[in-house]
Amino acid sequence: MNDDARPTGPSPDLTAVLAGIERTNELLTRVLAEVATTPSTHAAFVDAGYVYAAAGRLVAGTEDRRAFELDAEGLIEAFIDKARTIFPDSRLLRVYWYDGARRRIHTTEQQRVAELPDVKVRLGNLNANNQQKGVDSLIRSDLESLARHRAISDAVLIGGDEDLVSAVEAAQGYGARVHLWGIEAVGGRNQAEPLLWEVDSQRTFDLDFCKPYVTRRAVVHDHGDPAADGTGNGGSPLTRDEVRFVGARVAARWLGERGVPWVTELLPGHPYLPGAVDQELLTAAEVLLHHSLRGHADLRRVLRDGFWEHVQAQC
């Protein structure tokens, strides 16, 4: 065979291989470009049993839910606000609130939490000793599923049970980062060490953070509490218009006292307020109304609506 008979280009098989590599590179380039422009997403997974026990012990000196009132709405919003500062370039998917209930039937308090925006209530069972059953498996199922489907890049886990270790490992196996948040313990720890070892970061909330959201009840009622009539202290019921007006009134006062620039800094967070500001609004409104709004999620939303409506009209 002389030199002129030799092929001068790549063989057909090599040409096909090179073409396949080129198509793969193009596909990878498009995928990387899409990933680069896709915003990060985070979600919070809250073991309500842990929160009640830890916050009650820290602030009220007891884990008995009947002995204190937890402002779940205010605390959830404080968690959302804290996550917003820690993950500034990430959007919130939702907050998952895991609690126990007999026969998985929502209590009045759990219904109020379920009505909150961006919150999903998931219920396990309560046994005869008022112990939660099935909550850890719900957390694992949700955390693993969201991580597997790339629905979240970061997971905030608020709990302390060692059984949650498997949930953390499952989520991390799919590439999600898991951040463990806890409440300061009164002596010792209230989170299992194996859980602390597995997570990607840790954060603990102290007494000053928790105190605004826990109120000790003067009297424990078996069939209700002073808020049963919708006023918070047994008086005449408030109307939504009254609460909305007070929200606008507080906004007007703050605009006058603190100036438009201070208030307009809140606008990017609409419809949420920073935790400290939200507590300040609640306290100011209760003084003007002469009624407590603690535990009344619907009226607190109306209060914020009135506040935001005035701010947006003036700014």
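The values are calculated or read from the model by the stated rules, or taken from the named source; none is laboratory data. These numbers were taken from a predicted model, which means no experiment stands behind them. Please note: Cβ atoms are built from the backbone with ideal geometry, for glycine as well, and neighbour counts cover all protein chains shown.
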Subject >> Of residues in the stretch 163-190 being part of a strand (DSSP E or B) and among the aliphatic types (A, V, I, L, M), the one nearest to Ser141 (Cα to Cα) >> reply: Val178
Original post:
buried (at least 17 other Cβ atoms within 10 Å of the Cβ), part of a strand (DSSP E or B) and in the same structural domain as Asn190 (by TED's automatic domain parsing), is that true of Leu143?
Top reply: no
Original post:
Where residues in the stretch 194-214 are among the aliphatic types (A, V, I, L, M) and either buried (at least 16 other Cβ atoms within 10 Å of the Cβ) or not in a helix (DSSP H, G or I) (or both), which of them is modelled with the highest pLDDT?
Top reply: Val199
**OP:** Name every residue in the stretch 100-123 that is part of a strand (DSSP E or B) and in contact with a Lys or Arg (Cβ under 8 Å, 6 or more places away or on another chain), in order of residue number.
**Re:** Gly100, Val119, Lys120, Leu123
**OP:** Please work out if Asp89 is touching a Phe, Trp or Tyr at 6+ places or on another chain (Cβ under 7 Å) and closer than 25 Å to Arg177 by Cβ.
**Re:** no
Subject >> Residue check for Leu92: in a strand (DSSP E or B), out of contact with any Leu (no Cβ under 6 Å at 6 or more places or on another chain), assigned by TED's automatic domain parsing to the domain that holds Gly159 and in contact (Cβ under 8 Å) with a residue 24 or more places away in the chain >> reply: yes
Subject >> Which listed residue, of Gln191, Gln111, Gln131, is at pLDDT below 95, surrounded by 13 or more Cβ atoms within 10 Å (Cβ to Cβ), in contact with a strand residue (DSSP E or B) (Cβ under 9 Å, 6 or more places away or on another chain) and more than 21 Å from Arg84 (Cα to Cα) >> reply: Gln191
**OP:** Check the stretch 146-161 and report whether any residue there is in a helix (DSSP H, G or I), of a type outside the set (Lys, Arg) and without any contact (Cβ under 8 Å) to a residue 60 or more places away in the chain.
**Re:** yes
Original post:
Residue check, Trp262 against (1) surrounded by 18 or more Cβ atoms within 10 Å (Cβ to Cβ); (2) free of Cβ contacts under 8 Å to residues at least 24 places away in the same chain, all met but one. Which one?
Top reply: (1)
